[in-house]
Amino acid sequence: MAHGISDSDPTKKEHVDAPEILDKKLDQLADWIRNAKHFIVFTGAGISTSTGIPDFRSSMNTILPTGPGVWELRDHPGKKRSPTARTTTSTKAIPSVTHMALVELARRNLLHFVVSQNTDGLHLRSGLPSTLLAELHGNSNLETCKKCHTKYLRDYRTRTAKKVHDHATTRKCTKCGSILHDSIINFGENLPEYELETSFDHAERADVCLVLGSSLRVTPAADIPARVGEHGGKLIIGNLQLTPLSNLAKLNIHALCDNLMRGLMAKLDIPIPEWELHRRIHITIQNQTLSIMGLDLNQDIAYSLFSTIRILVREGTESKYDSKTIKDVEPIEHKIKINNPNNQMDVYVELHWQGHYNEPVYTIKIPFTNSSKEVHLFYNPKTGNWREQRILNMGSNTSQSPAELSVDDIEFISTKANIDHENVKIWYEKLKAACPNGKISKSDTVNFLRSINSGKEEQILKLATDIHKAFDTNNDGIVDQREFLIGFALTSTGSAREKLKYVFRTYDHDKDGVINKKEIDRMVKIVMRLRAKDDVANTARIIDELKTSLEHLNGGKDFDNIKITSKEFIQLLINNKELCELLSPFNIEPPREIIVHQSYSQSK
């Protein structure tokens, strides 16, 4: 069956808005986004054509740099793509201006969800949080286990089957041993239920939906933006061609996606960040066994990143061990065979990548002791260089009094709180002046909460104790200035996962590493009252919803007897935005003084 559109079809014609018309449309769109309560974006193949990945339906005379669409070439067997067309593979493609603009809008909490028809994996590679993304047609880098539903990301294409409806790959699930399957959805196959339901849920809540680079001719995917327009939301379509939903749209913008997003971001006065390849890696040494694995940036989904690794142990300059090349299925576990290890030895882990962007080898150094380290690496393909961002481990056993900020601390707080280094130092100096002995007392925490929650004294006093304990990450009973600044940076503007680590600590009242029914009941009531949502029915509803979710998480175990770990608690709230927003004591605006500092730093 042919997939293309005949040359006589008027919907195949490409339109480009005149500059003055485009400018007026972008003014309107920017205003709608600024005032939106729930803004979502629906993306199609058109957002990736500037990266070198051809779309499907564009005509033989398209203005796209990739040339005609894949299906269009199938309909013209004698035609070939022009030698001047710029194309590449999805694994080598660099995320576009559009991809990066969406990342920044999401980072600023202006964009609340992205629904994509694309399988190229560029949304995840761009840095868009996986928790804000539904990939309706799958991801060429993702495979799943049909039996236990474990997901695996790979830095290569997972599809190996030759038959269109055969999705089995050659790899096995490390948890249950079942054969894995690629996640690609071909024509005639059902869309993934969870992604589809989540997408329609966001469409129901959306008051603004921007379609980018989709012909909107494939259902049920196209029904998602249609739902927004049908319930009275503002539907905006950015596409060169007319679509079946053009009449439903409040605004049709005819422009290349990157041009549209450049103009929109300029109207919003938001810079578009440059792309860097971001890798998250977890390394553990336990009883001389080293384990290493890549992970998704936002969820603990295994991500195969390495072609090979090599492990070396040195004492000073003297070599003590060399594993040679290790090529194994991740997570890689390797026993380091040294008879008499000592604390003067260091382990060097050489990481050899798949090399899609010519990434050079990167070596991570860690002490040869029982330890765990999470590393975030950033690679700039323009410079060919890696940089490492230190991730502070909660529960560190080191303590200084008074605590001083290291260069790494300043960089960490600056990055997470989105302020420059000088303003981090200003915060720190003000804290030192207010608390010259280097310690933040519970009364200081109370005053901090009073500054952002007036008239709720009883709840503030109860909550201060738990927040104070949450910020005390090394459990020595003292919150020093360093812990307070890092905690505030993460809970005011950090990622959802970073905030939720602190949320768990506030719920874990007895600090035993798990939370039970009594602790959950206590904190829900405090937080709900602090938010002026203290009616009995609403509190009962929230507890009941949480109860159902937790029982499901614990395999049907009765709510009265459950014990939830930090990892389970965080994943539950990550997957339920309403619960996450309602139950976090940290979903509060920072004090006005700090907002001023942030605005100042962003304008520099």
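The charge dipole of the stretch 249-336, taken about its Cα centre with unit charges on the Cβ atoms of Lys, Arg (+1), Asp and Glu (-1) only, comes to about 120 debye.
Treat the count of other C-beta atoms within 10 Å as a stand-in for reagent exposure and order TRP32, TRP275 from fewest to most. Don't skip to the answer; put the middle values down first.
Numbers: TRP32 18, TRP275 22.
So the residues, fewest neighbours to most, are TRP32, TRP275.
So if R0 is 25 Å, what FRET efficiency would LEU110 and ASN575 give, r being the distance between their Cβ atoms, rounded to the nearest 0.05? That gives a FRET efficiency of 0.70.
Close amide H pairs (under 5 Å, H built 1.01 Å from N) link ILE253 with ILE237, GLY238, ASN239, residues at least 5 positions away or on another chain.
Any chance you could run the full-extension gain for THR308 through VAL329? It's 0.36 nm times the residue separation minus the Cα-Cα distance, nm to one decimal. The partial results should precede the final answer.
On the way: separation 21, 0.36 × 21 = 7.56 nm, distance 0.97 nm.
Contour length minus Cα-Cα distance gives 6.6 nm.
Each Lys and Arg contributes +1 and each Asp and Glu -1, all at the Cβ; summed about the Cα centre of the stretch 229-295, the dipole is approximately 100 debye. Using the Cβ-Cβ distance between ASN339 and LYS365 with R0 = 25 Å, the FRET efficiency computed as 1/(1 + (r/R0)^6) comes to roughly 0.70.
Using θ = phi - 60° in the Karplus curve 6.51 cos²θ - 1.76 cosθ + 1.60, the 3J(HN,Hα) couplings for the stretch 376-381 round to 10, 10, 10, 10, 9, x Hz; x is entered for Gly and Pro. Coupling constants for the stretch 152-169 follow from the phi torsions by the Karplus curve (6.51 cos²θ - 1.76 cosθ + 1.60, θ = phi - 60°), and in residue order they are 9, 8, 10, 8, 6, 5, 8, 6, 10, 5, 9, 7, 4, 9, 9, 10, 5, 10 Hz; glycine and proline get x.
With θ taken as phi - 60° and the Karplus curve 6.51 cos²θ - 1.76 cosθ + 1.60 applied, the whole-hertz 3J(HN,Hα) list for the stretch 102-114 is 5, 4, 5, 4, 5, 4, 8, 6, 8, 9, 9, 6, 10 Hz, x standing for glycine and proline. Label-to-label distance for ASN190 and GLU230 is 2.0 nm, based on points extended 7 Å past Cα in the beta-carbon direction. The slack in the chain from ASP31 to ASP207, taken as 0.36 nm per residue of separation less the alpha-carbon distance, amounts to 62.1 nm.
The alpha carbons of the stretch 103-231 give a radius of gyration and a Dmax of 15.5, 46 Å, in that order.
Return GLU20, GLU197 ranked ascending by Cβ neighbour count within 10 Å, so the fewest neighbours appear first. All intermediate terms of the calculation are to be shown ahead of the outcome.
Working: GLU20 8, GLU197 12.
By the 10 Å Cβ count, ascending: GLU20, GLU197.
Structural size metrics of the stretch 277-390, computed from C-alpha coordinates, are Rg and Dmax of 14.0, 44 Å. Among the listed pairs LYS234/LYS267; LYS151/LYS337; LYS320/LYS365; LYS382/LYS425; LYS146/LYS324, a Cα-Cα separation exceeding 24 Å is found for LYS151/LYS337; LYS382/LYS425; LYS146/LYS324. Applying 1/(1 + (r/R0)^6) with R0 = 41 Å to the Cβ-Cβ distance of CYS176 and LYS250, what FRET efficiency is obtained, to the nearest 0.05? Efficiency for this residue pair is about 0.25. Counted residue by residue at 0.36 nm each, then reduced by the alpha carbon distance between them, the extension gain from ILE21 to LYS162 reaches 46.0 nm.
Might you report the magnitude of the Cβ-based charge dipole of the stretch 277-390 about its Cα centre, with Lys and Arg at +1 and Asp and Glu at -1, to the nearest 20 debye?
On the way: 14 positive and 13 negative charges, 38 e Å.
In debye, rounded to 20, the stretch 277-390 gives about 180.
Each of PHE378, PHE42 has some number of other Cβ atoms within 10 Å of its Cβ, and from fewest to most they run PHE378, PHE42.
Values in this text are rule-based calculations from the coordinates and carry no lab data. All figures in this text were calculated on a predicted structure; none of them were measured in a lab. Don't worry about glycine lacking a Cβ; one is built from the backbone with ideal geometry, like all the others, and counts go over all protein chains shown.
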